[in-house]
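What follows is a set of notes on a single structure, which appears directly below.
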Amino acid sequence: MKALLIKDLMTMKKYSMGILYGFIIIVFVNLISEKIYFEQMVPMLMYMMCVQTLTTITYDEYDNGYPLLFTLPFTRTQYVLSKYVLSILSILPIIIVWLIYSLIIGANIQMIFISLLLYIFASSLYIPIYLYFGSAKSTVAMVLLSFIIIGSIALLFNLVGFATIIKLLQGFKVIMVSIGVLLFMLMSILISRAVMLKKDF
């Protein structure tokens, strides 16, 4: 699985420089500006990294690449797991910088946790869809799901308010929400594994 992760990271490296530059600009603007844009922009960057993870699946299946790829010494289960591990590894730099920034500037640290849960949920939702339909057919489904998720989150924050959501997530409810997201991720892994095992190359 290590080789798969290295392959995917090298693939993402080619197309992630724009995200990195944007991230640096956001940090710089927040340091010199009285307004804080970091909390609003980082979730967007995390979503872009989720898309980058899905892009690696596109390159794997490009030009009938799966038959060649699976001649290498790894199983389909390892392939599926590598995509979920990659989705987490890809946002670690953003989380670390965001945490340091929050501690220095005094921004809302709870937003990190909420964004991380949303990112895990989105990745767990998209990966099996991408594996099942393929990059070409899943585009419409991805766009519709993106609009539904983003619209639902925006509506929730407008109706309830960020402070209320933070209160709901405090204490025992935080644990329950976290367990729910992790269980959803586990279910997603099992579905993705079943999809890959049934594929014929």
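Among residues of the stretch 1-18 being at pLDDT below 70 and hydroxyl-bearing (Ser, Thr, Tyr), the one that is surrounded by the most Cβ atoms within 10 Å (Cβ to Cβ) is Ser16.
Screening Tyr59 with (1) in contact with a Ser or Thr (Cβ under 6 Å, 6 or more places away or on another chain); (2) within 16 Å of Leu116 (Cα to Cα) gives one miss only, at (2). Listed by first and then second residue, the pairs linking a residue in the stretch 76-92 that is in contact (Cβ under 8 Å) with a residue 12 or more places away in the chain to a residue that is assigned to a helix (DSSP H, G or I) and of a type in the set (Asp, Glu), with Cβ atoms under 8 Å apart and 6 or more places separating them unless they lie on different chains, are Ser82/Asp8; Lys83/Asp8; Leu86/Asp8. Looking only at residues of the stretch 175-186 that are closer than 13 Å to Ile127 by Cβ and touching a residue at least 24 places away in the same chain (Cβ under 8 Å), we find that the one that is farthest from the chain's Cα centre (by Cα) is Phe184. Residues in the stretch 61-84 that are under 20 Å from the mean Cα position of the chain (by Cα) and basic (Lys, Arg): Lys83 only. The single condition from (1) outside any helix (DSSP H, G or I); (2) at pLDDT 75 or above that Ile96 fails is (1).
The values are calculated or read from the model by the stated rules, or taken from the named source; none is laboratory data. On a predicted model such as this, the values are computed, not experimentally measured, just so you know. Cβ atoms come from the backbone with ideal geometry, glycine included; neighbour counts cover every protein chain shown.
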